[in-house]
Amino acid sequence: MGSNPTPGTTGGQEDLMLAGRSGPAAGVLTTEMEARMEPGEMLERWAAGWTAHDPAVLASIFAPDCVYEDVTLGLVHHGPEEIMGFRSSYVAVFPDLRVDDMSYFQAGESICLEWTMSGTHQADLPDLAATHRRFELRGVSVLTLDGDRFSSCRDYWDRTTLLQQLTGGAP
């Protein structure tokens, strides 16, 4: 989304690999900067938050009373503090976590975002010891805008695809 697409268009492949970026994407934005962000820029910030090593990057674009739900895992998180913990738990297991190939469309205050996530399984999951295998899977997030921040996010992705890639199982 380096080209700042308009709603209903597709962003670029650099969208979610912003970990080494300096400037506003590297830290928490000011209220003035957030107020000027277009939806595509906010989604770029969302992506940077998953890729960066600072959980505050992701939390900074969510409203204080937001709800972030990982529908696949049945997890619900309330507020930026819980979002930071959720994001940190993923990165602890997949330290090279990255999201790419982002596209989105917007209808009113709702945004549907398609992404590809990849990483290496370096730490134990509750039901699976670290395999040190790489994975790549596609997913969708549905976000709701509330002024200059997101009030909700629901992530949908295929757990079976992840487990097959981490264990070497057949599709």
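The values are calculated or read from the model by the stated rules, or taken from the named source; none is laboratory data. If you're wondering where the values come from, they're calculated on a predicted model, not measured in any experiment. Here Cβ is always computed from backbone atoms with ideal geometry, including for glycine, and neighbour counts include all displayed protein chains.
A few remarks follow.
- Test: residue in segment 77-88 that is in contact (Cβ under 8 Å) with a residue 24 or more places away in the chain, exposed (fewer than 15 other Cβ atoms within 10 Å of the Cβ) and more than 14 Å from the chain's Cα centre (by Cα): no
- Taken over segment 60-98, residues that are part of a loop (DSSP other than H, G, I, E, B) and among the hydroxyl-bearing types (Ser, Thr, Tyr) amount to 2.
- Asp127 vs. criteria among the charged types (D, E, K, R), loosely packed, with under 14 Cβ neighbours inside 10 Å and free of Cβ contacts under 8 Å to residues at least 12 places away in the same chain: yes
- Only one of Val67, Val93 that is among the aliphatic types (A, V, I, L, M) and in contact with a Cys (Cβ under 9 Å, 6 or more places away or on another chain): Val67
- Residue within segment 32-53 that is at pLDDT 90 or above, closer than 23 Å to Arg134 by Cβ, assigned to a loop (DSSP other than H, G, I, E, B) and not small (Gly, Ala, Ser) present: no
- For Leu97: the one exception among (1) under 22 Å from Ile61 (Cα atoms); (2) in contact with a Leu (Cβ under 7 Å, 6 or more places away or on another chain); (3) among the aliphatic types (A, V, I, L, M): (2)
- Strands (runs of 3 or more DSSP E) within segment 99-171 that include 2 or more residues in contact with a strand residue (DSSP E or B) (Cβ under 7 Å, 6 or more places away or on another chain) and among the aliphatic types (A, V, I, L, M): 110-120, 134-146
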